[in-house]
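Shown next, in structure tokens, is the structure this report addresses.
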Amino acid sequence: MRLEPERGVIRRLTKSDRNQNERDRAMKITLKQSDYDKILERARAEAPDEACGLIGGIVNEDGSREIRKVYLLTNIDHSSEHFSLDPKEQLEAVKDMRKNGWKPLGNWHSHPESPSRSSAEDIRLAFDSKANYLILSLMYPEHPVLNSFHVENQVSTREDLEIVEE
């Protein structure tokens, strides 16, 4: 059994810890610069309301994910504090993903006035533990921040998000 230091304390890694470490290594997600630009443009246009949408793409053998398309959907709540995806647009996006051989990877939304982190409501509403949750903060409009999160058992963990040139 391997030992690992934790803040000056030695503890034994459990099977659950090892599984978590393996999952952490696998949770890398890539986004094309042009898709980041689409999310940013839409979020700025919708502010002060939250903007939202879906992400579709592929899951590689190593567990990493590649976003192939960002779907810009309507926030039918028209709120600066939460969002609800338009169900008709959501269905059309999922149909498009299937047509292209992609998987629904998760969703994205903006935080017009708060940091790029999962809010209590984001965590409460994160029903799919396999989903990626991208959050774009416009708290400082000239310095937007985009992060990806994995939410499982009411715990939000930041993922390795890489924005790549095409």
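Key figures
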read-out	value
Check on residue 78, out of contact with any Ser or Thr (no Cβ under 9 Å at 6 or more places or on another chain), of a type outside the set (S, T, N, Q) and at positive phi	yes
Residues that are aliphatic (A, V, I, L, M) and within 13 Å of residue 55 (Cβ to Cβ), drawn from region 131-162	131, 134, 135, 136, 146, 161
Residue selected from region 141-166 under the condition hydroxyl-bearing (Ser, Thr, Tyr) and modelled with pLDDT under 95, by the criterion surrounded by the most Cβ atoms within 10 Å (Cβ to Cβ)	156
Scan of region 84-112 for residues that are aliphatic (A, V, I, L, M) and touching a strand residue (DSSP E or B) at 6+ places or on another chain (Cβ under 8 Å), ordered by number	85, 93, 94, 97, 105
Qualifying residue in region 84-95 (condition: touching a Phe, Trp or Tyr at 6+ places or on another chain (Cβ under 6 Å) and closer than 25 Å to residue 141 by Cβ)	no
Which numbered condition residue 102 fails, given (1) under 21 Å from residue 130 (Cβ atoms); (2) in contact (Cβ under 8 Å) with a residue 40 or more places away in the chain; (3) surrounded by fewer than 17 Cβ atoms within 10 Å (Cβ to Cβ)	(3)
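Residues are listed down the side, and each one gets a yes or a no for (1) of a type in the set (Ser, Thr, Tyr); (2) in a loop (DSSP other than H, G, I, E, B); (3) free of Cβ contacts under 8 Å to residues at least 12 places away in the same chain:
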position	(1), (2), (3)
58	no, no, no
61	no, yes, yes
67	no, no, no
72	no, no, no
78	no, yes, no
98	no, no, yes
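The values are calculated or read from the model by the stated rules, or taken from the named source; none is laboratory data. On a predicted model such as this, the values are computed, not experimentally measured, just so you know. No Cβ is skipped: glycine too gets one built from the backbone with ideal geometry, and neighbour counts run over all protein chains shown.
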